[in-house]
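First up is the structure itself, then whatever we jot down about it.
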């Protein structure tokens, strides 16, 4: 993996993209993918779709969602404190005491999310899980008028966007869900462009996955793919209190996860597994007996149906400020997908 590709992930992580406000991260995608694709477009919904062999059949759609969970300003009180809605699914305990960025028309405004100090909580309040209605963002404004000069109702909010590298080639940041998956599909497309694929390969940076798999629905309808690979994070179970017997045995650094189950086309799964074995790419297998909670779910049901595979990036502490993933798992995922796309031929049959 070269430094350009590594920098691309860092740029993705540091670009805000709460669902419905994804334009900053989509700009990063267009700048990266525009140098090696046949065509690149942004839909009215906000999806960015980059293509290699755009008009060829069969067509393959690679989907990684660009949106991250966030907040939204819903009220500014007389003292200048901001009250917020959630965008996507939050653990409220993760939010207390976090540094946040309010993304205004004039740039980011730093704030902190707070509640009463523990000394002021009643005994009953101390035993309850905090609710968002009991929290607020403090941007340091002296009153409502001062706050409104900076912030408008509806402005999106994210955790403070940072990127750090840990030991053993691991990375930590908010938004690893699913900017790592987005990185993988775009990096795989770059490798496809440098190879000898003759089929149509389309990598989509899909929007609004965190609020109901919305972007991939319109992306898939637009491309109408024969095959689809959805790439998203999945829970690593190699940390305390998480039971592999319940959630599957998934370790960071041991390769991408290939899912098996009714949401996944068995021929696509077998092809991915065989390519991994032939090329000594480590993979982990996880069973999922229900529709997946990611873009692969909606993609499978597009029009007359799509032969779908789902690839998971092992991720610790999902939907938190300190998500962790492995550079190695990302690189192996991109290589596996690239090889899969380059091996697909026009007469291949993916009927189960």
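Looking only at residues in the range 282-294 that are in contact (Cβ under 8 Å) with a residue 40 or more places away in the chain and surrounded by 18 or more Cβ atoms within 10 Å (Cβ to Cβ), the one that is nearest to the chain's Cα centre (by Cα) is 294. Once the range 164-200 is narrowed to residues that are touching a helix residue (DSSP H, G or I) at 6+ places or on another chain (Cβ under 6 Å), modelled with pLDDT of 95 or more and surrounded by fewer than 23 Cβ atoms within 10 Å (Cβ to Cβ), the residue that is farthest from residue 317 (Cα to Cα) is 191.
Quick check on the range 248-268. Is at least one of its residues assigned to a helix (DSSP H, G or I), in contact with a helix residue (DSSP H, G or I) (Cβ under 6 Å, 6 or more places away or on another chain) and surrounded by fewer than 20 Cβ atoms within 10 Å (Cβ to Cβ)?
No: zero hits.
Exactly one residue out of 276, 292 is in the same structural domain as residue 51 (by TED's automatic domain parsing) and not in a loop (DSSP other than H, G, I, E, B): that is 276. Could you grab me the full set of residues in the range 146-164 that are more than 22 Å from the chain's Cα centre (by Cα) and touching a residue at least 12 places away in the same chain (Cβ under 8 Å)? If the condition is that a residue be more than 22 Å from the chain's Cα centre (by Cα) and touching a residue at least 12 places away in the same chain (Cβ under 8 Å), then 146, 147, 148, 150, 151, 152, 153, 154 are the ones that fit. Selection of the range 33-48 for residues being touching a residue at least 24 places away in the same chain (Cβ under 8 Å) and either outside any helix (DSSP H, G or I) or over 28 Å from residue 199 (Cβ atoms) (or both) yields 36, 37, 43, 45, 46, 47, 48. If you go through the range 2-25 and keep only what is closer than 22 Å to residue 328 by Cα and in a helix (DSSP H, G or I), you end up with 3, 4, 5, 6, 7, 8, 9, 10, 11, 12, 13.
So that you can scan it fast, the table gives a plain yes or no per residue for (1) in contact with a strand residue (DSSP E or B) (Cβ under 7 Å, 6 or more places away or on another chain); (2) surrounded by 21 or more Cβ atoms within 10 Å (Cβ to Cβ); (3) in a loop (DSSP other than H, G, I, E, B); (4) in contact (Cβ under 8 Å) with a residue 40 or more places away in the chain:
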{"site": "27", "(1), (2), (3), (4)": "no, no, no, no"}
{"site": "31", "(1), (2), (3), (4)": "no, no, no, no"}
{"site": "50", "(1), (2), (3), (4)": "yes, yes, no, yes"}
{"site": "55", "(1), (2), (3), (4)": "yes, no, yes, yes"}
{"site": "75", "(1), (2), (3), (4)": "yes, no, no, yes"}
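Assigned by TED's automatic domain parsing to the domain that holds residue 26 and either at pLDDT 95 or above or crowded, with 24+ Cβ neighbours inside 10 Å (or both): which single residue out of 141, 203, 147 fits that description?
203
So that you can scan it fast, the table gives a plain yes or no per residue for (1) farther than 27 Å from residue 244 by Cβ; (2) touching a helix residue (DSSP H, G or I) at 6+ places or on another chain (Cβ under 9 Å):
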residue	(1), (2)
308	no, yes
313	no, yes
321	no, yes
324	no, yes
328	no, yes
333	no, yes
341	yes, yes
344	yes, yes
347	yes, no
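Report yes if residue 268 is more than 21 Å from the chain's Cα centre (by Cα) and touching a residue at least 60 places away in the same chain (Cβ under 8 Å), otherwise no. When the stated conditions are applied, residue 268 passes them.
Screening residue 330 against (1) out of contact with any strand residue (DSSP E or B) (no Cβ under 8 Å at 6 or more places or on another chain); (2) crowded, with 20+ Cβ neighbours inside 10 Å leaves a single unmet condition, (1). Candidates 113, 95, 82, 132: the one that is surrounded by 12 or more Cβ atoms within 10 Å (Cβ to Cβ), touching a residue at least 60 places away in the same chain (Cβ under 8 Å) and touching a strand residue (DSSP E or B) at 6+ places or on another chain (Cβ under 9 Å) is 82. When the range 295-350 is filtered for residues that are in a loop (DSSP other than H, G, I, E, B) and within 15 Å of the chain's Cα centre (by Cα), the ones remaining, listed by number, are 317, 318, 319, 320, 321, 322. In the range 57-70, the residue that is surrounded by the fewest Cβ atoms within 10 Å (Cβ to Cβ) out of those that are more than 18 Å from residue 188 (Cα to Cα) and touching a helix residue (DSSP H, G or I) at 6+ places or on another chain (Cβ under 8 Å) is 69. Taking (1) loosely packed, with under 12 Cβ neighbours inside 10 Å; (2) free of Cβ contacts under 8 Å to residues at least 24 places away in the same chain; (3) touching a helix residue (DSSP H, G or I) at 6+ places or on another chain (Cβ under 9 Å) in turn, residue 120 satisfies each apart from (3).
The values are calculated or read from the model by the stated rules, or taken from the named source; none is laboratory data. All of these numbers come straight from a predicted model, not from anything done at the bench. Ideal geometry is used to build each Cβ from the backbone, glycine not excepted, and the neighbour counts take in all protein chains shown.
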